Amino acid sequence: IEAEVRAQTDPATEQRAASLTSLSRALSSVATGKPDANKDGDPEKAQDDLKDLGDKLDDMTDAEKTELGRQLAEMQATASQASGAAATALRDAAQSLAQGDTQGAKSALDRLGEAVTGAERQVATNRDLSGAASRLQDARRDLADAGRRTAAQGQPGQGQGAGQGPGTSQGQGAGQSP
């Protein structure tokens, strides 16, 4: 079972988590215009900020949309490390903004928000699987150790001993008479 659980874990989970945190922080910063909008890099906060940004797109000038598209495009490498779905949605949002397709950009921003929260759930699942595999490994070792201790205690007569018991003795002697 342990091997099956380990086979389902992603060895790059922590790298993916770090990229996801960085991406979430950057998305919130661009979406709100505030550098410290999401200091902790919370994907759910980033999703909310992206939704708010989508709602504001109709009020933005073409130049603002183009600049937004450029800023999003700069995050492509980080998005790729965080999640394939996030990278695709980010690329689509940047392209839609560059082409002046506001509806396409809104849709892509919604997908991007869903992708970052989906990636967060995937990271949590992988961490849970990794923890379960570690606990299974610990249990296997504990059982093996207990089996060795039990086997060592149950083997007969491999020690040293000296015994004393009741005894009688009769002596003989030789001597000289006067």
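The values are calculated or read from the model by the stated rules, or taken from the named source; none is laboratory data. Keep in mind it's a predicted model, so treat the numbers as computed, not measured. Virtual Cβ from ideal backbone geometry, glycine too; neighbours counted across all protein chains shown. What goes into the accessible areas is simple: the full protein's heavy atoms, side chains included, and nothing from ligands, DNA or RNA. Shrake-Rupley method; radii C 1.70, N 1.55, O 1.52, S 1.80 Å.
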Output for region 48-78, where each listed residue is under 14 Å from Lys106 (Cβ atoms) and under 21 Å from the mean Cα position of the chain (by Cα): none
Within region 97-137, the residues that are small (Gly, Ala, Ser), open to solvent by 40 Å² or more (accessible area, probe 1.4 Å) and part of a helix (DSSP H, G or I) are Ala98, Ser107, Ala124, Ser130, Ser134
Residues of region 31-44 satisfying the condition of being crowded, with 21+ Cβ neighbours inside 10 Å and part of a helix (DSSP H, G or I): Ala31, Pro43
Residue hits (region 99-155; under 27 Å from Glu4 (Cα atoms) and hydroxyl-bearing (Ser, Thr, Tyr)) are Thr117, Thr125, Ser130, Ser134
Only one of Leu143, Leu136 is over 16 Å from Glu44 (Cα atoms), without any contact (Cβ under 8 Å) to a residue 12 or more places away in the chain and among the aliphatic types (A, V, I, L, M). Can you tell me which? Leu143
Hey, any hits in region 9-17 for a residue that's of a type outside the set (D, E, K, R), in contact (Cβ under 8 Å) with a residue 12 or more places away in the chain, crowded, with 16+ Cβ neighbours inside 10 Å and not in a helix (DSSP H, G or I)? yes
If you take the residues of region 45-94 that are in a loop (DSSP other than H, G, I, E, B) and in contact (Cβ under 8 Å) with a residue 40 or more places away in the chain, which of them is nearest to Glu114 (Cα to Cα)? Ser83
